[in-house]
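The structure appears right after this line, and notes come after that.
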Amino acid sequence: MEQTEFRQEVREWLEANCPPSQRQPADRTEQVWSGRDLRFPSDDARLWFERMRDKGWTTPEIPTAYGGGGLNPHEAQILSKEMKRIGARTPLYDHGIWMLAPALLEFGNEAQRERFLPEIVRGEVSWCQGYSEPGAGSDLAGLQTRAVRDGDEYVVDGAKIWTSAGCESDWMFCLVRTDPEAPKREGISFLLIDMSTPGVSRAPIRMISGESEFAQITFESVRVPVENLVHEENRGWEVAKGLLRHERKFMSEFEGGALDPSFTLREAALDYIGLDAEGRLADATLRENLVDLEMERRAVKLTTQRVYAQYRGSAPDHRLPLIMKYVSTETKKREDELATDILGYRGLGWEGDSFTKDELNSLRVLLFDKALSIAGGTSEVQLNIISRNALQLPQGGAR
Amino acid sequence: MTAMSQLMGDEELQLRGAAAEMLRKESPVSAFRRQRDDDCQPRYDAALWSQFGAMGWTGMLVPEAHGGLAFGHRGVGLVCEEMGRNLVASPFVATAIHAVTLLAHGSEALQAQLLPAIVAAETTVAVAVDEGRGFAPQNTAVTAVREGDEYLLHGTKSFVAGGGHAQYLIVLARTSGSVGEMQGLSLFIVPANALEASQRETLNMVDQLDYANLSFEGVRIPLSALIGEEGGAGAYMDELVDVAAAHSASELLGIVDALFDTTVEYLKVREQFDAPIGSFQALQHRAALMFTRIELLRSVVLDARAALDEVREERAIACSHARVMALEVAQLVGTETIQMHGGIGVTDELDVGLYYKRAIALRPTYGDRSYHRDRYARLSGY
Ligand SMILES: Cc1cc2nc3c(=O)[nH]c(=O)nc-3n(C[C@H](O)[C@H](O)[C@H](O)COP(=O)(O)OP(=O)(O)OC[C@H]3O[C@@H](n4cnc5c(N)ncnc54)[C@H](O)[C@@H]3O)c2cc1C
């Protein structure tokens, strides 16, 4: 279909189907998360979700055979832009949507796709990602959780940590060691584990922002049927790598979370600091910092556009996307710090009616966003990747 | 901001290829080094200037009616990038970019007289604006006083790029108002031979290009020498600031690309502690950081050129942004390149020093970093 025609159709459909109440930013309590106990904060949220689900647009790029939208990446981008244009909420949140589903399409067998993808599209199960372990973070391939084959089952023992939504999720896609003798990366497999299996226990971990975003999970003799192995045994690293690409792409497109204040920094500066007699922001140093930050954001935004434009062009520069996770997350952290400077005392309220919602959120975001440059590969690891893959610098020196 | 501004079309890719090839062949850094060592005058290669004309580059901003190509700022910017990459010495920027931008406000007769000659690379023009330590047009003290059917000029312009050899000068002078105001400024075209030899003091500056202090004391010019409205130059200068900012950023981007390539190459070949120094993580991370800065800069520069061509509302923001970021990145990459080369980095033998000097020479022209950061803030309403 012609792009402009598709855009028009999407625009009209959204106009007709997205309830007005679903066109405002959603805070945590207003988001719809997948799960066996799928719950809706309001009738409108349910209606919006059901309409999008029936179009397959909860997962735009999953083929229609599995209930998805069957859109190509370009059409999916049009849909996303049109949703943004009217402020339409994401109808459904789940780690399975943006990480596991693409991996199953690439590496899963037909039975696995038929079993898991339709559930993901319909939001009937929630997924979490079990990669990191207490002893394996940046050096992920050092992971120790063991899976030993016993007849038609694997028996899993070990621990995962920093698992986002680990306490709430129905299923986990995870990396386990199936061959302890092989070189690090060649003894790892990709396994799907039902979290209600006996032997799985979970404990929430509290973050500096006050939330319990993630959890520690322990496995004690957890029995997992072999049909839950994705790709071949000991070839899980390939799946993991493919999936990480989606994760980083997602994180570099991350334009702020549900808690982000509704004001821009410029608005906040004008509001909280104000202009002097000459029409300049009354705090000269903050003015300088604001210029720098706005320029940085603008540069990142233009570069994101350049990456997209290149995808569509004939000769994309494959080095360019490698910088995006680093620059977007580091810029976001700087923005949060500046917001806190601008708000002064008013940006330090932890909770209570003495502060506006935006003021409280600003502080929580400052604290939460410190994780952006840690999760999904730390900033230092990103710089390693740039120097190795973009600049092709020699490896193996002092580090 | 449109996505298309971030991609080059076939025409642009062709132009870039042609410019890269021509300049690498006809004007490599070694040519500039020779010119510097022999102290050649003029401080550019006249034959190369003719070639700029033959390639059509001199006419990129000139309307077709005056023999130009009207290729636009995307094209000019590409040429500037390649000039930066090869450290080309040329009257191109002053003549075919800055002067042409201002001449667009001149009378039909003036345009018909000068533009075709510029397109043919048969003449050169320098723009004389600055009088003090930096760019501050509101502080213009040079005056033009109307006497009968002439203007009488008083005062001195300093650090005029191309001012030593240009055949024409465009002069910013005060026709009314007082120092400190943007109102009351006017632009005039003055044939360089209206100045006595003693009124041109050529300067030796860090980049070894052509600069001069010019005294206009007692120079008389006809009324027809006025460009545009009397007292209306403030608006023309604002436009020139955008154009100059975008293209100095383009030139700096070319310089930065050349320096960074040199650095990455050196990190791969230089060995210490029995390993290539590029295998040390302390250097890897600094190189990777430079790469992120350079790629962000590239996006911003491409956008600034497109904003000029599309006459976007946002163009002043886009151009000031490009200039600030180009200066920041050039400073980073310039100093890091020297540092990562160790002792050889501070020798004249290496081209790195020549690039660094050209880059710092571009700092004050048409607004330094403070000027453009401040402009960005004002344009943004704070
Ligand atoms: C909010 C949040 C959510 C997360 N969600 C999940 C999830 O759902 N599932 C999951 O599996 N994991 C998750 N993680 C874990 C995340 O992937 C790890 O925290 C991350 O990979 C870093 O590992 P680590 O915490 O062990 O730090 P370490 O690897 O111990 O790093 C400590 C420091 O050393 C630096 N460092 C390490 N190696 C190098 C090197 N080679 N060169 C230079 N510096 C180095 C790091 O950059 C860092 O600064 C989450 C993390 C956060 C913060």
### Message
At a cut-off of 20 Å², which residues of the range B:276-290 become less accessible once all protein chains are present than in their chain alone, using a 1.4 Å probe?
### Response
B:G278, B:S279, B:F280, B:Q281, B:Q284, B:H285, B:A288, B:L289
### Query
Ignoring the sites themselves, what is the longest stretch of chain A with no GluC sites (Glu not before Pro) in a DSSP loop and at most 16 other beta-carbon atoms within 10 Å?
A:3-123
### Message
Counting each pair of different Cα atoms once, what's the Kirkwood radius of chain B in Å, rounded to one decimal?
### Response
21.4
### Cleavage-rule hits, GluC sites (Glu not before Pro), the range B:169-217, DSSP coil, Cβ neighbours within 10 Å at most 16
B:E181, B:E196, B:E217
### Task
Could you go through the range B:361-373 in sequence order and give the Karplus-derived ³J(HN,Hα) for each residue, using 6.51 cos²θ - 1.76 cosθ + 1.60 with θ = phi - 60°, rounded to whole Hz, and x for Gly and Pro?
5, 8, 5, x, 5, 6, x, 7, 4, 4, 4, 6, 5
### Task
With a 1.4 Å probe and all protein chains in place, put A:S314, A:S34, B:S176 in order of accessible area, largest first.
A:S314, B:S176, A:S34
### Task
Could you pull out every residue, at least 5 positions away or on a different chain, whose amide H is within less than 5 Å of the one on A:Y93? Hs are placed 1.01 Å off N in the peptide plane, and Pro or chain starts have none.
A:V32, A:W33, A:S34
### Message
Suppose a student asked you for the relative contact order of chain B, using Cα pairs under 8 Å spaced at least 6 residues apart; what percent would you report?
### Response
16
### Message
Mean Kyte-Doolittle hydropathy of 0.0 or higher plus an axial Cα length of 15 Å or more: which whole DSSP H helices in chain A meet both?
### Response
A:357-368
### Message
Can you give me the accessible area per residue for the range A:34-153, using a 1.4 Å probe, in Å²?
### Response
44
### Message
Using only the alpha-carbon atoms, how far is helix B:315-340 inclined from the longest principal axis of chain B? Give it as 0 to 90 degrees, nearest 10.
### Response
40
#### Entry: Part-to-part distance (alpha-carbon centres) for the range B:39-110 and the range B:140-215, which is given in Å
21
#### Entry: Loop trypsin sites (Lys or Arg not before Pro), the range A:21-91, which have at most 10 other Cβ atoms in a 10 Å radius of their Cβ (DSSP)
A:R39
### Query
With the dipole of the range A:254-390 worked out from charges on the C-beta (+1 for Lys and Arg, -1 for Asp and Glu) around the Cα centre, which of A:S373, A:L338, A:L286 lies farthest toward the positive end?
A:S373
### Query
What translational D, rounded to a whole number of µm²/s, comes out for the range B:4-123 from Stokes-Einstein when the hydrodynamic radius is the Kirkwood one over Cα pairs, at 25 °C and 0.890 mPa s?
165
### Degrees between helix B:281-309 axis and first principal axis of chain B (Cα, 0 to 90, nearest 10)
30
## Note on the structure
Once phi for every residue in the range B:244-253 is put through the Karplus expression 6.51 cos²θ - 1.76 cosθ + 1.60 (θ = phi - 60°), the whole-Hz ³J(HN,Hα) values, with Gly and Pro written as x, are 5, 5, 4, 8, 5, 5, 4, 5, 5, 4
## Note on the structure
Under the helix-only model (-39500 (n - 2.57) for each DSSP H run of 4 or more, divided by the residues of chain A), the mean residue ellipticity at 222 nm, to 500 deg cm²/dmol, is -12500 deg cm²/dmol
### Task
Find the relative contact order for the range B:146-287 and round it to a whole percent, using C-alpha pairs within less than 8 Å whose residues are 6+ positions apart.
25
### Extreme residue, positive dipole direction of chain A, given options A:W127, A:P19, A:T264 (C-beta unit charges)
A:T264
## Note on the structure
Computed over the range A:127-234, the relative contact order (Cα-Cα under 8 Å, seq sep at least six) in percent reads 30
### Task
Bin width 10 Å, alpha-carbon pairs only: give the P(r) of the protein assembly as shown as whole percents, running from 0 to the bin holding the largest distance.
2, 12, 19, 21, 18, 13, 9, 4, 2, 0, 0
#### Entry: Helical mean residue ellipticity (222 nm; -39500 (n - 2.57) per DSSP H run of 4+; nearest 500) of chain B
-15500 deg cm²/dmol
### Summary
With the charge dipole of chain B built from beta-carbon charges (+1 for Lys and Arg, -1 for Asp and Glu) about the Cα centre, the Cα from B:H341, B:A104, B:G353 projecting farthest to the positive end belongs to B:H341
#### Entry: Magnitude of the charge dipole, the protein assembly as shown, Cβ model with Lys/Arg +1 and Asp/Glu -1, debye to 20
720
### Query
Mind checking which of A:Q31, A:Q216, A:Q77 has the largest fluctuation in a GNM of chain A, springs on alpha carbons under 10 Å?
A:Q77
### Query
Once amide H atoms are placed 1.01 Å from N in the peptide plane, what residues at a sequence separation of 5 or more from A:G130, or on another chain, have their amide H within under 5 Å of its amide H?
A:F173, A:C174, A:L175
### Cross-link table A:K301/A:K325; A:K184/A:K370; A:K84/A:K301; A:K332/A:K370; B:K25/B:K357; A:K301/A:K370, entries beyond 18 Å C-alpha to C-alpha
A:K184/A:K370; B:K25/B:K357; A:K301/A:K370
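The values are calculated or read from the model by the stated rules, or taken from the named source; none is laboratory data. Note that this is a predicted model, so its numbers are computed, not measured. With ideal geometry, Cβ positions are generated from the backbone for all residues, glycine too; neighbour counts draw on all protein chains shown. Each accessible area value is taken on the protein alone, full model and side chains, heavy atoms only, with ligands, DNA and RNA left out. Shrake-Rupley method; radii C 1.70, N 1.55, O 1.52, S 1.80 Å.
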